[in-house]
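J.: A single structure is presented below for examination.
The values are calculated or read from the model by the stated rules, or taken from the named source; none is laboratory data. It should be emphasised that the depicted structure is a prediction, and the values quoted were computed from it without experimental measurement. Because the Cβ atoms are built from the backbone with ideal geometry, glycine has one as well, and the counts that use them run over all protein chains shown. Only protein heavy atoms, including side chains, enter the accessible area calculation; ligands, DNA and RNA are left aside. Shrake-Rupley method; radii C 1.70, N 1.55, O 1.52, S 1.80 Å.
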Amino acid sequence: YHNGVITLWGRNASDEVYYTSCRQSQVADPSAWSVPVPILSGIEEMSPYINRVDGGNTIFAGGGGKLQKITQP
């Protein structure tokens with residue numbers, strides 16, 4: 001949660017990491033959520049981190065023997 005926007009990160013059954021977001025005031029309205037956007041594939045494990053100072057999102061993800069760091073301001 002940052003500046004009134006909630007962001008959800010997840011990993012689906014195809015081992016893709018995705019995110020979706022919505023204004024907090026509209027969280028109960030399914031049409032207000034953004035289309036889930038896949039950003040990584042082949043991921044076995046993930047851990048999100050939100051920088052509360054600037055609202056930046058960081059995902060640490062591992063799969064196929066590699067560790068990746070993805071940052072979204």
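J.: Of everything in the range 1-15, what is under 18 Å from Met46 (Cα atoms) and more than 11 Å from the chain's Cα centre (by Cα)? Give them in sequence order. Lay out the reasoning, then the answer.
T.: If we filter the range 1-15 for residues that are under 18 Å from Met46 (Cα atoms), which is where we start, we get 7-15.
Once the filter is applied, which keeps residues that are under 18 Å from Met46 (Cα atoms) and more than 11 Å from the chain's Cα centre (by Cα), the range 1-15 yields Asn12, Ala13, Ser14, Asp15.
J.: Give me the residue from the range 18-49 that is surrounded by 12 or more Cβ atoms within 10 Å (Cβ to Cβ), of a type in the set (Val, Ile, Thr) and under 10 Å from the mean Cα position of the chain (by Cα) and, out of that set, modelled with the highest pLDDT.
T.: Within the range 18-49, the match that is modelled with the highest pLDDT is Thr20.
J.: Residue by residue through the range 50-73, note down the ones that are surrounded by 12 or more Cβ atoms within 10 Å (Cβ to Cβ) and closer than 19 Å to Asp15 by Cβ.
T.: First, pick out the residues of the range 50-73 that are surrounded by 12 or more Cβ atoms within 10 Å (Cβ to Cβ): 50-51, 55-63, 68, 70, 72.
Result: Ile59, Phe60, Ala61, Gly62, Gly63, Gln68, Ile70.
J.: Restricting to the range 50-73, name every residue that is modelled with pLDDT of 80 or more and outside any strand (DSSP E or B).
T.: Gly64, Gly65
J.: How do the pairs read when you match residues in the range 31-44 that are over 11 Å from Tyr18 (Cα atoms) with residues anywhere that are part of a helix (DSSP H, G or I) and open to solvent by 60 Å² or more (accessible area, probe 1.4 Å), using Cβ under 7 Å and keeping only pairs 6 or more apart or on different chains?
T.: Ala32/Gln26
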